[in-house]
Amino acid sequence: MRGVTTATLAADPPAPEQARRPRGLGVVVRLAATAGGGGLLYLSFPPHGPWWLAPVALALLGVAVHDRRAGAGFGYGVVFGLALLLPLLVWTGEFVGALPWLALSTFEAVIIGFAGAAAAIVWRLPAGPLWAACGWVAMEALRARAPFGGFPWAKIAFSQPEGAFLPLAAAGGTPLLSFAVVACGFGAAAAAVRLAHPSTRAARYLVVPALLAVLPPLTGLAATSLVPASTGQDTVTVAVVQGNVPRAGLDFNAQRRAVLDNHAARTEQLATDVAAGRVPQPDLVIWPENSSDIDPLRNPDAAAVISRAVRAIDAPTLVGAVLVGEDGRTTTNSALVWVPGQGPVDRYDKRRIQPFGEYLPYREFFALFSPYAQQAGHFVPGSGDGTIRMGGITLGVATCWEVAFDGAVADAVRDGAQLLAVPTNNATFGYTDMTHQQLAMSRVRAVEHGRAVLVSATSGVSAIIRPDGTIERSTSLFTADALVSEVALRSATTPATRLGAGPEWVLAGLGVAAVAAVAVQHRRAARGRTGAGADDG
């Protein structure tokens, strides 16, 4: 190894002579690898699995972009994104037709295309796949913020609610978890490409790719100690109520009183089970989002139904309610702490509201494309830190859509949440994969922040998740049910909670810096060639 430097080990070797073959064949093979990779990544997301398909999928994308220019990398990235998102997001068109689904999938695939372009640009740098993985984090950071507040769905991290990589969520949050999966896949791609050519099989060319492929999952296994145990000194008995809805679809809440009555009835049945000794008495009860779409602060009948159920179960109950604003037109998606004999004593208003669902940006413009656009609500966002007091416990609330956003959950834990609740309503999406994808997010959040998570859905899947991400109890879809369990209360924070968005900024910054470094190199090389030409003249 004398005379071999670190740069020699890290840098890509000179490109080997390519076998003579039609150019189109190479493009077809790369397109097939890219589309296959996107399909495999889709299959890595719940409810399909397994988790290890994700790095394999990224390896196929890496093979496709490894010696291409930025434009080709962008194209392969878009194909990869479409192969992932079209099946993953098909639920978005479940009851509103194909146009919103196709538009959203295509737009998000174009953003993924930028990660493909970045990977192609930085691949030939020393440890190029590492910088390409950083570029992927930068792309996910962009998707989580723009446009209209972002769309973090399909983050690589959310394909990992179990497996070797998951403990890294406690170390650096979802950005570090995504980075590890992508770095592993891209490292494996670089190793495979070099092994495929006799001129690049020397050990010095394989050291860095092999390390990138092996170290991330090994680091994840080593980080298991950061994941708190599911037992603790302080515990609380909780109940999650799933009352079910009259029917799936956009008009699930046409019978708003029926939805409220269902949740009240299932809570009263739970009270009967408690009295009979079949289940323990809960200290607090969680109802789902939209369990009362009739504003109980304005409607005495709705308030009476809730009060009767809460009095029967004799425990503070979190009630998901749609509250009408003072103007009589705007609404808030709220969670009310309803105490037996007192009524509502605390309130959380959803802070991140969903565009094209809870509100419609540029309403008149988008209404031109779909008659369903006018069904979007007039919700306004709330404020605060995402915590409420309930039965002497500080509860963090991330309502439905919010669980996909890093900051929405982290804010609550940093401000003292001992337990997390995710009240949600997935009835709009029927029997699709959406509820399972969202449940995976809650599992990742449990590990990320070391908190038990209570998922309460109107129609399922509801679940009680331990701080290590495992599901203790869960329901089936479109059934009335109640889950009761003793869960741990936590006050200690994980490194991910303390670091906040720091890992994301660092990793994304490194990815952007690597692309900028290549651009500077190319500009200097172009100037050198121009200068040499002038001298020759």
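A compact table of results
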| item | result |
| --- | --- |
| Scan of region 307-339 for residues that are closer than 17 Å to Val259 by Cβ and among the charged types (D, E, K, R), ordered by number | Arg308 |
| Residue list for region 196-233, filter: among the hydrophobic types (A, V, I, L, M, F, W, C), surrounded by 15 or more Cβ atoms within 10 Å (Cβ to Cβ) and not in a helix (DSSP H, G or I) | Val227 |
| Region 63-77: number of residues that are farther than 13 Å from Gly135 by Cα and under 27 Å from the mean Cα position of the chain (by Cα) | 5 |
| Residue that is modelled with pLDDT of 95 or more and in a loop (DSSP other than H, G, I, E, B), where the choices are Arg347, Arg351 | Arg351 |
| Failed item, numbered, when Ile393 is tested on (1) without any contact (Cβ under 8 Å) to a residue 60 or more places away in the chain; (2) closer than 30 Å to Ala488 by Cα | (1) |
| Count of region 192-230 residues which are out of contact with any Lys or Arg (no Cβ under 9 Å at 6 or more places or on another chain) and polar (S, T, N, Q) | 4 |
| Qualifying position, being within 30 Å of Val279 (Cα to Cα), of a type in the set (A, V, I, L, M) and crowded, with 23+ Cβ neighbours inside 10 Å, among Ala452, Ala492 | Ala452 |
| Residues that are touching a strand residue (DSSP E or B) at 6+ places or on another chain (Cβ under 9 Å), of a type in the set (Gly, Ala, Ser) and more than 20 Å from Ser485 (Cα to Cα), drawn from region 287-314 | Ser291, Ser292, Ala302, Ala303, Ser307 |
| Out of Ala517, Ala496, sole residue that is more than 28 Å from Leu89 (Cβ to Cβ), out of contact with any strand residue (DSSP E or B) (no Cβ under 6 Å at 6 or more places or on another chain) and touching a residue at least 12 places away in the same chain (Cβ under 8 Å) | Ala517 |
| Count of region 404-463 residues which are of a type outside the set (A, V, I, L, M, F, W, C) and within 18 Å of Thr235 (Cα to Cα) | 5 |
| Extreme residue, modelled with the highest pLDDT, among residues of region 474-506 that are more than 15 Å from Val285 (Cα to Cα) and part of a strand (DSSP E or B) | Ser474 |
| Region 47-70 - residue that is small (Gly, Ala, Ser) and in contact with a Cys (Cβ under 9 Å, 6 or more places away or on another chain) and, of those, surrounded by the fewest Cβ atoms within 10 Å (Cβ to Cβ) | Ala59 |
| Criterion (under 24 Å from Asn244 (Cβ atoms), touching a Cys at 6+ places or on another chain (Cβ under 7 Å) and at pLDDT 95 or above) met by exactly one of Thr435, Thr399, Thr424 | Thr424 |
| Residue count, region 101-112 (criterion: crowded, with 21+ Cβ neighbours inside 10 Å and more than 19 Å from the chain's Cα centre (by Cα)) | 0 |
| Breaking point among (1) in contact (Cβ under 8 Å) with a residue 24 or more places away in the chain; (2) touching a helix residue (DSSP H, G or I) at 6+ places or on another chain (Cβ under 7 Å), for Gly384 | (2) |
| Cβ pairs under 6 Å, 6+ apart, first in region 336-347 and assigned by TED's automatic domain parsing to the domain that holds Ala321, second in a strand (DSSP E or B) and not hydrophobic (A, V, I, L, M, F, W, C) | Leu336/Pro344; Leu336/Arg347; Val337/Asp346; Trp338/Thr317; Trp338/Pro344; Asp346/Arg389; Arg347/Ser334 |
| Residue within region 123-137 that is touching a residue at least 40 places away in the same chain (Cβ under 8 Å), under 30 Å from Asn426 (Cα atoms) and in the same structural domain as Arg204 (by TED's automatic domain parsing) present | yes |
| Filtered residues of region 269-296 (kept if in a loop (DSSP other than H, G, I, E, B) and farther than 25 Å from Leu420 by Cβ) | Ala276, Gly277, Arg278, Ile294, Asp295 |
| Residue among Ala457, Ala480 that is touching a residue at least 60 places away in the same chain (Cβ under 8 Å), in the same structural domain as Val274 (by TED's automatic domain parsing) and surrounded by fewer than 23 Cβ atoms within 10 Å (Cβ to Cβ) | Ala480 |
| Single residue of Ala404, Ala376, Ala367 found to be modelled with pLDDT of 90 or more and not assigned by TED's automatic domain parsing to the domain that holds Arg143 | Ala404 |
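Conditions tested, residue by residue: (1) under 19 Å from Ser485 (Cβ atoms); (2) in contact with a Gly (Cβ under 7 Å, 6 or more places away or on another chain); (3) touching a residue at least 40 places away in the same chain (Cβ under 8 Å).
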site	(1), (2), (3)
Pro209	no, yes, yes
Thr219	no, no, yes
Thr224	no, no, yes
Val236	yes, no, yes
Arg256	no, no, no
Val285	yes, no, yes
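Okay, residues lined up against (1) modelled with pLDDT under 95; (2) in contact with a Ser or Thr (Cβ under 8 Å, 6 or more places away or on another chain):
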residue	(1), (2)
Ser159	no, yes
Phe165	no, no
Ala169	no, no
Gly172	no, no
Leu176	no, no
Ala180	no, yes
Ala188	no, no
Leu195	yes, no
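Let's see how each residue does on (1) surrounded by fewer than 21 Cβ atoms within 10 Å (Cβ to Cβ); (2) of a type in the set (S, T, N, Q); (3) in a loop (DSSP other than H, G, I, E, B):
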site	(1), (2), (3)
Phe365	yes, no, no
Phe369	yes, no, yes
Ala373	yes, no, no
Gly377	yes, no, yes
Pro381	yes, no, yes
Arg389	yes, no, no
Thr394	yes, yes, no
Val403	no, no, no
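The values are calculated or read from the model by the stated rules, or taken from the named source; none is laboratory data. Bear in mind the structure is a predicted one, so any value in this text is a computation, not a measurement. Note: ideal-geometry Cβ built from the backbone for every residue, glycine included; neighbour counts use all protein chains shown.
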